[in-house]
1. Is it the case, given these coordinates, that Leu80 is within 30 Å of Val46 (Cα to Cα), surrounded by 13 or more Cβ atoms within 10 Å (Cβ to Cβ) and out of contact with any Ser or Thr (no Cβ under 7 Å at 6 or more places or on another chain)?
2. If I go through region 38-52 residue by residue, how many of them are part of a strand (DSSP E or B) and in contact (Cβ under 8 Å) with a residue 24 or more places away in the chain?
3. Having 2 or more residues that are of a type in the set (Val, Ile, Thr), under 22 Å from Gly146 (Cα atoms) and in contact with a Phe, Trp or Tyr (Cβ under 9 Å, 6 or more places away or on another chain) is the bar; report the strands (runs of 3 or more DSSP E) wholly within region 59-119 that clear it.
4. From the residues in region 151-165 that are in a strand (DSSP E or B) and of a type in the set (D, E, K, R), which one is surrounded by the most Cβ atoms within 10 Å (Cβ to Cβ)?
5. Part of a loop (DSSP other than H, G, I, E, B), free of Cβ contacts under 8 Å to residues at least 24 places away in the same chain and surrounded by 15 or more Cβ atoms within 10 Å (Cβ to Cβ) - does that describe any residue in region 139-150?
6. Which one is modelled with the highest pLDDT among residues in region 33-47 that are among the β-branched types (Val, Ile, Thr) and buried (at least 20 other Cβ atoms within 10 Å of the Cβ)?
7. Testing Ile116 on (1) within 25 Å of Thr186 (Cα to Cα); (2) crowded, with 18+ Cβ neighbours inside 10 Å; (3) modelled with pLDDT of 95 or more, one condition comes back false. Which one is that?
8. Out of Arg30, Arg18, which single residue is in contact with a Gly (Cβ under 9 Å, 6 or more places away or on another chain) and either modelled with pLDDT of 95 or more or hydrophobic (A, V, I, L, M, F, W, C) (or both)?
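The values are calculated or read from the model by the stated rules, or taken from the named source; none is laboratory data. Note that the coordinates shown come from a computational prediction; the quantities given were computed from them, not determined experimentally. Glycine gets a Cβ as well: all are built from the backbone with ideal geometry, and neighbour counts include every protein chain shown.
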Amino acid sequence: MEHQKQDQPTVADDPKAREMLRQAFENTARWQKDFTGFTADLTVNVNGKETSGPVMVKSPREVSVQLGEADVQKWAQEQLGMIAVHRGPRTFEESDGKYSLTMEEDGHPFGTKLIIHGSNSFYRVKGNRITQINRKMAHPGMTPFGFTINVEESAVTQDQKNLTTKYSVYYYSPTDGKLNNVESFTDTHVRVGSSDLPATRRIITYENGEVIVKDLDVHESQVDLAILSAYTGARWIFGAAFPRSMRSKMEGYVHLATDDRQVPRRASRHRGRIHLPLSHGRAAHGVRRDHGRSVHRSRQSQSIR
């Protein structure tokens, strides 16, 4: 999670703390360096009320969601942007490695306490995995707030990286310590190329005197399009939105610019473009590359973040 560096006295860096956090950071799943984003059909369900539309995610700052309700659209865009921040490619030095780090062994069930000096934050690390994030935020013009993220469940990707699947967030006032809200997050993912993309997110929270359940469903039929982009090095001709209604008119094919890359054997060329058949069905699919010649679809059963 991004946070701003605060002006504080310089603290001597502890090499052991740095190495511990570096290992946990490098064991966390992220999208590959050349990841260029994905498009998808999105359905949001808030306590039984559904709305759907297309979504495009290119980077944390380039997230486009088109839904019928402005408030729901804003919420969905924030959620996908937050996922992109957490999963986006970056180095340790670009993240928490730019701060001075120290550690405390206090016997906590969540592991060693690692203080990130200059960021009003501390983590807990256990088994080469970040298990807790504590942070206080204060910006001009807004009420200060703090939060604690507790990682409850995670999975291991096929790259042997840790991917969080369930966590809770406690929001509180750093001024008086009053608890303001608690949110529970449950995520599933689908393997696309070399990345684990969001498939679903459920958030259970408390708003305006009642418990609210919000579901975000990224339909796999559109996520499959990212497979083709990842494995042909192509760019999208149709941009952000590629709804189902267009697919039938295109006779089941998506058109991609070749970008002078190898064309998979099962694809065909037409007017300088690659034509690849879209996948069908509700099962989540991934791909693997076979010596750069063909694209195969394989069922992926794991739900990972």
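1. Yes; evaluated as a whole, the condition is true for this residue.
2. 9
3. The strands (runs of 3 or more DSSP E) meeting that bar are 112-117.
4. Glu152
5. Within region 139-150, none of the residues are part of a loop (DSSP other than H, G, I, E, B), free of Cβ contacts under 8 Å to residues at least 24 places away in the same chain and surrounded by 15 or more Cβ atoms within 10 Å (Cβ to Cβ).
6. In this case the residue turns out to be Val44.
7. Single failed check for Ile116: (1).
8. Of Arg30, Arg18, the one residue that is in contact with a Gly (Cβ under 9 Å, 6 or more places away or on another chain) and either modelled with pLDDT of 95 or more or hydrophobic (A, V, I, L, M, F, W, C) (or both) is Arg18.
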